[in-house]
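The values are calculated or read from the model by the stated rules, or taken from the named source; none is laboratory data. As the structure is a prediction and not an experimental result, all values here were calculated from the model. Here the Cβ positions follow ideal geometry from the backbone for every residue, glycine too, while neighbour counts run over all protein chains shown.
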Amino acid sequence: MRITILLPLFIICSVHTFSQTTFDTKKKYSYFKAWNWLKYYHPDLATGKVKADSLFLKHWPAINQAKESKSFNQAVLQMINTLTPPAAKATDKPTDTTGLLLQNLDTTWLTKESLIMPALRIKLRQVYSNRFQGDDHYYIPAKNYETEIPNEPVYAFTDSLNVPYEYRMLALAKIQGTGDYLFPHKYLMDKDWNTTVLHFIPLFTTSNTRRQYEKCLLQITAAFKDSHTYKFYSAIKNRKAIFRSQHYPPFDYQVVDNKILVTHIIIPELCKKAGIEKGDLITTLSGVSVEERIKELAGLLSTSNKTTLLHKLNTYTNNFLFIADKPSITVNILRNNKTIKTELPYIQLKDTGYLRMLNNHLTRKGEGVWSDELDYISAGIIHFKIDEAFRFIQKVPDEKIDRTMDSLLTLASTARGIIFDMRGYPDWGGFISYLYKKFGRKGETYGRYYTVNKENMGTYKYLSQDDVYFVPGVNPENTPYTGEVVIIVNPDTRSMSEWNTMQLQMIFPNSITIGQQTSGGDGDERMINIPGNYVMPFTGNAVFYPDGTVAQRKGVKIDIPVYPTIPEILTGKDIPLIKAIELINKK
């Protein structure tokens, strides 16, 4: 009898708790939506007359205490009523949608969210109808290429302490607003952004430690699937604990087919102790398959595509892949189709001799020859590296730069082949402009660039003016080049390097682009402050090819994919560069 009575009570309590949890999540979600709506549309906030964060925090207690729909709506209405009633629309000029990117704009939450009552719905629609449409939005950079999102306060809390509850909610609201109004590629995310935010509200709410909060930050920013956002991990104070990456393996490696290929023995003694050899394939780490580990890291690191993720995981100094929260782990090795189980010892910081060997390995990988002369990598073939172009003018007086570059490129025009190595970030933005001046043709385009449309936040407008694509005053000479051009790319081809690659493909229309999928993070970088003294980077502008092909996530167009095989990787040779030379020699 007692069980019979308690069971219905338990069910009633469970249903009540579930409904309360659902309401709590929905009210926070709706508050975030309403607050961002005001932040980006209401003239008081868009002009800085009212500070958005102060408004959020002032009305948060009432929102937090709301137990049902009526009290929630009253709290949001009270917040809106503290602002100046929206006046007549700032401008009546028609909106030209032909040059706009509209995929991100979503106002359906106003009608679909059952929590929002008619009176509040009307108020929010009035704000939109009479929204701010000036050029100087308080929370938008004045210039399309500027990096920092202005007027976003820094909230620094002691690293050892958690970020207070209301500031965690403010952080999540800011990230939601970034996705809705500042990130042009929201429509390219793997999952619906609204659903993602709803999922993280309870997690941010119950993040009772700084480590839990930081893990939530990593997970929700990873949902952006944006290679610019990748480096957000470096701001995380507890990243070693979260990634479980306390120690380094005694060998270098690459991921191949969801396995870890041992490519170079760094500490022979430790590898011998574990019975590990160059060419071995590691399949599990502490009982976790390499494939599972990659999936786990994909949920913590934002990259535009899997190729870029794997490239980052292959970087030894990043130290993401190996589960290393203790001095050694058990791994399974595949060798000659046989599985070997062994204990892998990690490099310890106290072992100065091992650290010296590791430093020698890393230094050797970064070696290069610095010269201000053209690099003839083979007979009649010139090799330009995008991250080593500044060397041509480093010691040249400003007044002689034009003459120096003209001489260099005139000489290059006589080569039978040119390789543009775009596997890196440009160290000199002017290099491509000089190539355009020497070899380019007037009137040709290589991309379509979209930036935030301040007249209707959440949409992006196409910029057609020449100074977005070319340096003002540069008149191309249309010097004919009859040799072969090969462009090499990989995931290190990112952002400006991708933009430059697109321009090279235009300057040399018969060029062949080879290599691996690029970063897929073209477009200027933006950065916004997040409570806890974090800065979240993301792609702030959208880039397309002239034919409408999207560059974000996909990367640049590639004619011949080059993914080295295991035997080729183990040679240690630069396979894409070798193939580029072969392509030119075949002509």
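Can you confirm whether the stretch 547-559 contains a residue that is in contact (Cβ under 8 Å) with a residue 24 or more places away in the chain, of a type outside the set (D, E, K, R) and over 30 Å from GLU146 (Cα atoms)? No, because not a single residue in the stretch 547-559 is in contact (Cβ under 8 Å) with a residue 24 or more places away in the chain, of a type outside the set (D, E, K, R) and over 30 Å from GLU146 (Cα atoms). Looking across the stretch 382-412, the residues that are within 37 Å of the chain's Cα centre (by Cα) and of a type in the set (Asp, Glu) come down to ASP387, GLU388, ASP398, ASP402, ASP406.
Report whether or not VAL163 is surrounded by 13 or more Cβ atoms within 10 Å (Cβ to Cβ), touching a residue at least 12 places away in the same chain (Cβ under 8 Å) and farther than 14 Å from VAL197 by Cα. So VAL163 passes the test. If you go through the stretch 343-365 and pick out every residue that is in a strand (DSSP E or B) and surrounded by fewer than 16 Cβ atoms within 10 Å (Cβ to Cβ), you end up with 1.
Suppose we filter ALA171, ALA156 for residues that are of a type outside the set (Ser, Thr, Tyr) and either part of a helix (DSSP H, G or I) or closer than 19 Å to ARG553 by Cα (or both); which single one remains?
Among ALA171, ALA156, only ALA171 is of a type outside the set (Ser, Thr, Tyr) and either part of a helix (DSSP H, G or I) or closer than 19 Å to ARG553 by Cα (or both).
Picking from residues in the stretch 372-393 that are of a type in the set (D, E, K, R) and assigned to a helix (DSSP H, G or I), the one that is surrounded by the most Cβ atoms within 10 Å (Cβ to Cβ) is GLU388.
The set of residues in the stretch 407-421 being among the aliphatic types (A, V, I, L, M) and either over 22 Å from LYS586 (Cα atoms) or outside the structural domain of GLY515 (by TED's automatic domain parsing) (or both) consists of LEU408, LEU409, LEU411. Within this structure, VAL396 fails the test of being surrounded by fewer than 17 Cβ atoms within 10 Å (Cβ to Cβ), at pLDDT below 95 and of a type in the set (A, V, I, L, M).
In the stretch 435-461, the residue that is farthest from the chain's Cα centre (by Cα) out of those that are assigned to a strand (DSSP E or B) and closer than 26 Å to SER511 by Cβ is ARG448. The residues on offer are ASN475, ASN500, and the sole one that is more than 30 Å from LYS174 (Cα to Cα) and modelled with pLDDT under 95 is ASN475. Residue check: VAL154 meets all listed conditions (1) under 21 Å from THR82 (Cβ atoms); (2) at pLDDT 95 or above but one, namely (1). Scanning the stretch 166-200 for residues that are hydrophobic (A, V, I, L, M, F, W, C), farther than 21 Å from ASN529 by Cβ and touching a residue at least 60 places away in the same chain (Cβ under 8 Å) turns up LEU188, LEU198. Scanning the stretch 130-151 for residues that are of a type in the set (Gly, Ala, Ser) and either at pLDDT below 95 or assigned by TED's automatic domain parsing to the domain that holds VAL452 (or both) returns a single hit, GLY134. Take the conditions of a type in the set (Ser, Thr, Tyr), within 21 Å of SER227 (Cβ to Cβ) and crowded, with 19+ Cβ neighbours inside 10 Å and apply them to TYR181. Does it pass? The answer is yes for TYR181. Looking for something out of contact with any Cys (no Cβ under 8 Å at 6 or more places or on another chain), over 22 Å from THR308 (Cα atoms) and either of a type in the set (A, V, I, L, M, F, W, C) or assigned by TED's automatic domain parsing to the domain that holds GLY287 (or both) - is there at least one such residue anywhere in the stretch 198-210? Yes, because at least one residue in the stretch 198-210 is out of contact with any Cys (no Cβ under 8 Å at 6 or more places or on another chain), over 22 Å from THR308 (Cα atoms) and either of a type in the set (A, V, I, L, M, F, W, C) or assigned by TED's automatic domain parsing to the domain that holds GLY287 (or both).
Here is the figure for the stretch 542-575: residues that are surrounded by fewer than 24 Cβ atoms within 10 Å (Cβ to Cβ) and in a loop (DSSP other than H, G, I, E, B) total 17. When you go through GLY473, GLY417, GLY483 one by one, which is the residue that is touching a strand residue (DSSP E or B) at 6+ places or on another chain (Cβ under 8 Å) and surrounded by fewer than 19 Cβ atoms within 10 Å (Cβ to Cβ)? It is GLY483. Suppose the filter is surrounded by 15 or more Cβ atoms within 10 Å (Cβ to Cβ), closer than 26 Å to THR84 by Cα and among the aromatic types (Phe, Trp, Tyr); does TYR230 pass it? For TYR230, the condition - surrounded by 15 or more Cβ atoms within 10 Å (Cβ to Cβ), closer than 26 Å to THR84 by Cα and among the aromatic types (Phe, Trp, Tyr) - is not met.
Table: residues versus (1) touching a His at 6+ places or on another chain (Cβ under 9 Å); (2) modelled with pLDDT of 95 or more.
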| position | (1), (2) |
| --- | --- |
| THR479 | no, no |
| SER519 | yes, yes |
| VAL543 | no, yes |
| THR549 | no, yes |
| LYS557 | no, yes |
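Residues considered: ARG416, ARG423. Of these, the only one that is basic (Lys, Arg), over 24 Å from TRP499 (Cβ atoms) and in contact (Cβ under 8 Å) with a residue 24 or more places away in the chain is ARG416. Would the stretch 528-537 turn up any residue that is in the same structural domain as LYS437 (by TED's automatic domain parsing), without any contact (Cβ under 8 Å) to a residue 12 or more places away in the chain and not hydroxyl-bearing (Ser, Thr, Tyr)? The answer is no, given that none of the residues of the stretch 528-537 is in the same structural domain as LYS437 (by TED's automatic domain parsing), without any contact (Cβ under 8 Å) to a residue 12 or more places away in the chain and not hydroxyl-bearing (Ser, Thr, Tyr). Would a scan of the stretch 487-508 turn up a residue that is closer than 30 Å to LEU217 by Cα, among the aliphatic types (A, V, I, L, M) and surrounded by fewer than 22 Cβ atoms within 10 Å (Cβ to Cβ)? Checking the stretch 487-508: at least one residue is closer than 30 Å to LEU217 by Cα, among the aliphatic types (A, V, I, L, M) and surrounded by fewer than 22 Cβ atoms within 10 Å (Cβ to Cβ).
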